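Have a look at the structure below before the remarks.
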Amino acid sequence: MAFKDSWQQQRQLRLEQVEQRRQAVSLLLQETQKQRQTKASQLRSDLSLFRETLSYDTSVRREKLQNYCETLHEQTQEFLAIVHAERESVSQQLSEDLHTFRSTLTETVNSLRQEIQADLQLLQLETRSQLEEAHQHRIKQRVRLARNLSIFVEKLRSDVAAFLTDTVLERQEKALQDKRDRKVEMDRLFAGFADFRSQLKQFRADLSRTVWGEGERQTAVSDSPAPEVPAAKPVIKKPASPGFRVVAPVKSVPAAKSDEGKIYEYIEVMQSVRLTEIESALSMTRIQAVEGLRSLIQQGKITQRDRLYLIYTPPNK
């Protein structure tokens with residue numbers, strides 16, 4: 001029972017505490033409500049005052065803005081009027097300047113057109129004269145080229161004829177040189193053959209002396225003399241040069257003996273000369289010079305080497 005009474009007392013105490021707290025909270029809420037109402041009324045009064053002040057300021061600013069716009073409109077109208085007047089003045093001045101420039105330009109163009117026309121006529125005359133001069137120059141150049149071409153053709157023909165003549169003379173001189181070389185070779189062979197025959201005779205005599213003795217050898221030799229067979233000189237045919245055709249020279253008057261002597265003396269003095277030099281130096285025709293050179297080559301007095309004519313020098317044996 002005591003525990004229940006204690007619990008009830010504590011419960012009553014707690015209820016009292018709760019009631020006290022409720023009353024305190026209620027008082028606090030009432031005071032807070034009063035403060036909020038006071039602040040709200042103060043805020044309403046401040047807001048109404050700010051609204052009145054803002055309305056007044058707005059009306060003042062609007063009035064100032066309207067005044068400024070009116071002033072700006074007036075100034076703009078004045079500026080536009082001034083600009084319009086200036087543009088009118090400038091336009092009038094520009095029109096006058098343009099009219100003056102147009103007249104001046106027309107006069108200048110007319111004068112330039114006349115000058116260009118005069119220059120064009122002068123240029124046509126100069127061009128016509130230059131064309132005539134060029135035509136005359138081409139005619140002269142054509143004549144000069146034709147003359148030079150004919151001279152070149154004649155010179156080319158002369159050079160070709162000289163080359164062919166030199167070729168024929170060179171081939172003849174080469175054939176003559178080959179003939180001399182073959183003759184020297186045959187002389188050497190016959191000399192060797194004579195030495196061989198003498199050695200054979202000596203061997204036969206020694207063999208006979210060894211076999212028969214001195215007396216028998218003389219008797220045998222006197223009874224049967226060995227006939228000597230004369231050496232027949234073989235006939236050497238000149239081989240034809242393969243690949244070349246010997247062109248028969250044109251029949252002409254043979255060179256005089258005096259021409260050959262002049263040519264030989266001139267070559268002996270100059271050591272080596274060409275065919276054209278002989279013609280110009282001795283005042284001979286090509287036929288006379290060629291005939292004289294051919295005769296001297298056949299006689300073995302001169303030789304030809306690289307189109308140069310030299311005095312023939314026999315080789316050392």
The residue from LEU176, LEU164, LEU200 that alone is at pLDDT below 85, open to solvent by 90 Å² or more (accessible area, probe 1.4 Å) and either assigned to a helix (DSSP H, G or I) or acidic (Asp, Glu) (or both) is LEU164
Residue set GLU115, GLU185, GLU126, GLU154; condition farther than 30 Å from LEU275 by Cα and modelled with pLDDT under 90; output residue GLU185
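The values are calculated or read from the model by the stated rules, or taken from the named source; none is laboratory data. Source: prediction; values computed, not measured. These area figures cover heavy atoms from the full protein model, side chains too; ligands, DNA and RNA do not enter into them. Shrake-Rupley method; radii C 1.70, N 1.55, O 1.52, S 1.80 Å.
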